[in-house]
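The values are calculated or read from the model by the stated rules, or taken from the named source; none is laboratory data. The structure presented is a predicted model; accordingly, all values stated were derived computationally and were not measured. Heads up, the Cβs are rebuilt from the backbone with ideal geometry, glycines too, and the neighbour counts pull from every protein chain shown.
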Amino acid sequence: MKKALKSLFVCFLLAGLAIGMVGCNNTKPATEKEVVKVGMDAAYRPFEFRDEQNKIVGFDIDVMNAIGEAEGIKMQMVDTAWDGIIPALLNKKIDVIASAMTITEERKKSVNFSQPYFTSGQAIVVPAQDTKTQTINDLNGKTLGVQINSTGDLAATEKAKQAKEIKRFNVIPDALVALTNGEVAAVVADAPVVLEYQKLNPGKVRVLSKYLTEENFGFAIKKEDQELLEKVNKGLKTIQDNGKYEQVYEKWFGKKQ
């Protein structure tokens with residue numbers, strides 16, 4: 001009888017443990033943040049570049065992280081070559097492009113853009129010792145440098161028809177090095193980028209005051225990914241309204257004039 005009772009007690013005990021284990025297995029884990037892969041060409045200071053620790057930093061990174069914080073999204077930065085950045089998005093290797101990309105009608109055929117988040121323009125930068133060049137027309141017969149498939153490339157092609165050559169580089173730092181080495185007479189690129197280069201290289205280059213274009217930057221997203229587009233736009237509006245965007249802007253560009 002005692003053995004029977006003991007066996008019955010053991011059975012109840014094992015049954016209780018089993019129920020407890022089942023209960024543990026049914027407990028739902030804490031909800032993890034959605035991860036969004038953000039593609040950018042990390043050679044475009046101050047928008048995206050690698051710091052001394054080889055970490056990708058810059059204005060676009062801070063803006064995207066602020067949007068992610070507002071929307072409960074974890075942003076994962078992915079260094080992506082500019083010339084293949086839209087194909088990478090369309091092939092789903094990345095989820096969004098945040099790389100100082102100008103909103104154009106041609107690009108809209110392939111991707112959707114967020115609301116504009118930055119206004120820029122294409123500027124001309126020349127060696128500091130070149131005091132004669134004041135406009136694009138002064139570069140007739142000379143070689144210009146641009147980043148391939150950029151709006152700087154497009155602006156130079158359209159407005160410098162009398163140039164000797166338009167030399168195309170994979171990344172803008174290579175074009176700027178070519179400028180300081182005398183391989184090209186001028187470089188056409190986004191104004192904030194060449195102004196940053198001028199600041200970091202005092203006495204080496206001069207940025208012309210008259211810009212060739214005025215452009216709006218946007219975040220590019222696959223056309224079928226409407227939900228992500230809505231989240232990015234919502235997060236962008238949130239940080240613009242709460243002052244976070246202004247803080248990020250001042251960190252990289254100073255107070256707006």
Checklist entry - What number of residues in segment 147-168 are within 17 Å of GLU196 (Cβ to Cβ) and not in a loop (DSSP other than H, G, I, E, B)? => result 2
Checklist entry - Within segment 83-97, is even one residue within 10 Å of the chain's Cα centre (by Cα), modelled with pLDDT of 95 or more, not assigned by TED's automatic domain parsing to the domain that holds VAL171 and not aromatic (Phe, Trp, Tyr)? => result yes
Item to check | Test: ALA123 is surrounded by fewer than 22 Cβ atoms within 10 Å (Cβ to Cβ) and in contact (Cβ under 8 Å) with a residue 60 or more places away in the chain | outcome: no
Item to check | TYR245 vs. criteria crowded, with 20+ Cβ neighbours inside 10 Å, under 17 Å from the mean Cα position of the chain (by Cα), in the same structural domain as ASP83 (by TED's automatic domain parsing) and of a type outside the set (Gly, Ala, Ser) | outcome: yes
Checklist entry - Among the residues of segment 176-226 satisfying the criterion of being farther than 30 Å from LYS109 by Cα and among the polar types (S, T, N, Q), which is farthest from the chain's Cα centre (by Cα)? => result ASN181
Item to check | Verdict on GLU105 being closer than 25 Å to LYS256 by Cα, in the same structural domain as ILE239 (by TED's automatic domain parsing), of a type in the set (D, E, K, R) and at pLDDT 95 or above | outcome: no
Next on the checklist: Among the residues of segment 196-206, what is the count of those that are surrounded by fewer than 17 Cβ atoms within 10 Å (Cβ to Cβ) and aliphatic (A, V, I, L, M)?
Outcome noted: 1
Checklist entry - Could you list, in sequence order, the residues of segment 198-208 that are out of contact with any strand residue (DSSP E or B) (no Cβ under 9 Å at 6 or more places or on another chain) and in a loop (DSSP other than H, G, I, E, B)? => result ASN201, PRO202, GLY203
Checklist entry - With (1) assigned to a strand (DSSP E or B); (2) farther than 17 Å from MET40 by Cα as the list, and LEU195 as the residue in question, which single condition is left unmet? => result (1)
Next on the checklist: Looking at segment 55-112 only, could you name the residues that are among the polar types (S, T, N, Q), over 24 Å from ILE239 (Cα atoms) and in contact with an Asp or Glu (Cβ under 7 Å, 6 or more places away or on another chain)?
Outcome noted: THR80
Checklist entry - Could you say which residue among VAL184, VAL232 is buried (at least 17 other Cβ atoms within 10 Å of the Cβ), outside any loop (DSSP other than H, G, I, E, B) and β-branched (Val, Ile, Thr)? => result VAL232
Checklist entry - Tally time: how many residues in segment 41-87 are in a loop (DSSP other than H, G, I, E, B), touching a residue at least 12 places away in the same chain (Cβ under 8 Å), surrounded by fewer than 22 Cβ atoms within 10 Å (Cβ to Cβ) and not basic (Lys, Arg)? => result 3
